[in-house]
């Protein structure tokens, strides 16, 4: 089960690192991903 969750998370991380140019941009990406997870968890 861990592998099932690990692969998408690594993919998202790789795309986030490729998509943002600065650490500030990376922080915003991580923040928005965290908010998305919180929204899904509260439903």
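The values are calculated or read from the model by the stated rules, or taken from the named source; none is laboratory data. Remember, it's a predicted structure, so these values are computed and weren't measured experimentally. A quick note on method: Cβ atoms are made from the backbone with ideal geometry, for glycine too, and the neighbour counts reach across all protein chains shown.
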Checklist outcome for this item: Only unsatisfied item for residue 38, checking (1) assigned to a helix (DSSP H, G or I); (2) modelled with pLDDT under 85, is (2)
Next on the checklist: Looking at (1) out of contact with any helix residue (DSSP H, G or I) (no Cβ under 8 Å at 6 or more places or on another chain); (2) at pLDDT 85 or above, which one does residue 33 not meet, given that it meets all the others?
Outcome noted: (1)
